[in-house]
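**Student:** Quick one: this structure, given as structure tokens, is what I'll be asking you about.
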Amino acid sequence: MAVKKKRSLRYIITVLIGTFIIAVILGSGTEAILRFFPLSLTWILLIIVILIGIVFDIIGIAVTAADEAPHHARAAKKVFGARQSVYLIKRADIVANFANDIVGDITGTLSGAMGATIIISVVNYYPELNSWKIVLNILILALIASCTVTGKAWGKSLAINEANRIIEFTGRIVAGLEKFTGLHLTQAPKRGGK
């Protein structure tokens with residue numbers, strides 16, 4: 001019991017520090033990039049950030065709703081990505097926390113910051129809109145929030161109904177990443193120091 005509490009505390013501290021570092025890097029990087037991007041590309045980047053949040057929300061829901069048995073059967077047949085799918089399902093709490101909370105919250109914060117940057121750019125290009133700055137800010141943030149919430153609402157239904165197919169596809173992507181990078185993201189740690 002004490003070992004589980006220690007692991008849990010270590011995981012929470014890792015999440016806290018990791019999220020902070022990721023948010024700082026992405027926030028400062030995005031801010032620097034947006035200063036040099038044309039307004040049209042900023043909108044495209046904003047849409048991409050919103051879509052990343054929705055996709056990871058779908059994965060986070062699907063991993064908690066997926067059935068482990070069919071993925072074990074695929075893994076026994078050495079189907080590409082099946083072992084990774086089993087790994088994700090066995091760690092559903094951690095995967096869901098990463099996908100829904102860490103990625104979801106960071107993309108939500110980034111999209112809000114990007115909306116504010118878009119407003120600043122619009123007002124700089126069209127100074128006559130300066131008196132409408134507050135209204136434009138509210139409208140852009142409302143648009144971002146409604147697109148994000150609507151996308152996630154649609155995604156939750158899809159994730160619950162198609163959980164196994166989504167995790168099968170996610171497992172293949174993870175397996176492809178492992179093969180391409182040479183990293184072993186889903187390999188169980190060896191026991192006994194061997």
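The values are calculated or read from the model by the stated rules, or taken from the named source; none is laboratory data. All values derive from a computational prediction rather than experimental measurement. Using ideal geometry, Cβ is built from the backbone for each residue, glycine included, and neighbour counts are taken over all protein chains shown.
**Student:** Does Ile138 satisfy being closer than 21 Å to Tyr87 by Cβ and surrounded by fewer than 15 Cβ atoms within 10 Å (Cβ to Cβ)? Before you say what the answer is, go through the steps one by one.
**Tutor:** Details: closer than 21 Å to Tyr87 by Cβ: no; surrounded by fewer than 15 Cβ atoms within 10 Å (Cβ to Cβ): yes.
No; evaluated as a whole, the condition is false for this residue.
**Student:** Looking at the structure I just gave you, is Thr42 closer than 17 Å to Ile94 by Cα, polar (S, T, N, Q) and in contact with a helix residue (DSSP H, G or I) (Cβ under 9 Å, 6 or more places away or on another chain)?
**Tutor:** On the way: closer than 17 Å to Ile94 by Cα: no; polar (S, T, N, Q): yes; in contact with a helix residue (DSSP H, G or I) (Cβ under 9 Å, 6 or more places away or on another chain): yes.
No, not satisfied.
**Student:** Which residues, taken from the stretch 42-99, are touching a residue at least 12 places away in the same chain (Cβ under 8 Å) and either touching a Pro at 6+ places or on another chain (Cβ under 8 Å) or at positive phi (or both)?
**Tutor:** Answer for the stretch 42-99, where residues must be touching a residue at least 12 places away in the same chain (Cβ under 8 Å) and either touching a Pro at 6+ places or on another chain (Cβ under 8 Å) or at positive phi (or both): just Gly81.
**Student:** Somewhere in the stretch 99-119, is a residue surrounded by 16 or more Cβ atoms within 10 Å (Cβ to Cβ) and more than 30 Å from Ala142 (Cβ to Cβ)?
**Tutor:** No: zero hits.
Every residue, every condition in (1) among the β-branched types (Val, Ile, Thr); (2) surrounded by fewer than 13 Cβ atoms within 10 Å (Cβ to Cβ); (3) at pLDDT below 90, yes or no:
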residue: Leu16; (1), (2), (3): no, yes, yes
residue: Ile25; (1), (2), (3): yes, yes, yes
residue: Ser40; (1), (2), (3): no, yes, yes
residue: Ile50; (1), (2), (3): yes, no, no
residue: Pro70; (1), (2), (3): no, no, no
residue: Ala76; (1), (2), (3): no, yes, no
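**Student:** Would you mind telling me which numbered condition in (1) exposed (fewer than 12 other Cβ atoms within 10 Å of the Cβ); (2) in contact (Cβ under 8 Å) with a residue 24 or more places away in the chain Arg172 fails?
**Tutor:** (1)
**Student:** Pairs please, first residue from the stretch 12-27 and of a type in the set (S, T, N, Q), second anywhere and in a helix (DSSP H, G or I), Cβ atoms under 9 Å, 6+ apart in sequence or on different chains.
**Tutor:** Qualifying pairs under 9 Å: Thr19/Asp101; Thr19/Ile102; Thr19/Asp105; Thr19/Ile106.
**Student:** Is there a residue in the stretch 52-60 that is exposed (fewer than 14 other Cβ atoms within 10 Å of the Cβ), among the β-branched types (Val, Ile, Thr), modelled with pLDDT of 90 or more and farther than 13 Å from Ile166 by Cα?
**Tutor:** Start the filter on the stretch 52-60 by keeping residues that are exposed (fewer than 14 other Cβ atoms within 10 Å of the Cβ), which leaves none.
Looking for residues that are exposed (fewer than 14 other Cβ atoms within 10 Å of the Cβ), among the β-branched types (Val, Ile, Thr), modelled with pLDDT of 90 or more and farther than 13 Å from Ile166 by Cα, one finds none in the stretch 52-60, hence no.
**Student:** Taking the stretch 135-187 as the region of interest, how many residues are of a type in the set (Gly, Ala, Ser) and under 22 Å from Ile50 (Cα atoms)?
**Tutor:** Kept after step one, since they are of a type in the set (Gly, Ala, Ser), are these residues of the stretch 135-187: 142, 145-146, 151, 153, 155, 157, 159, 163, 171, 175-176, 182.
Filter once more, so that each one left must be under 22 Å from Ile50 (Cα atoms): 142, 145-146, 151, 153, 155, 157, 159, 163.
So the count comes out to 9.
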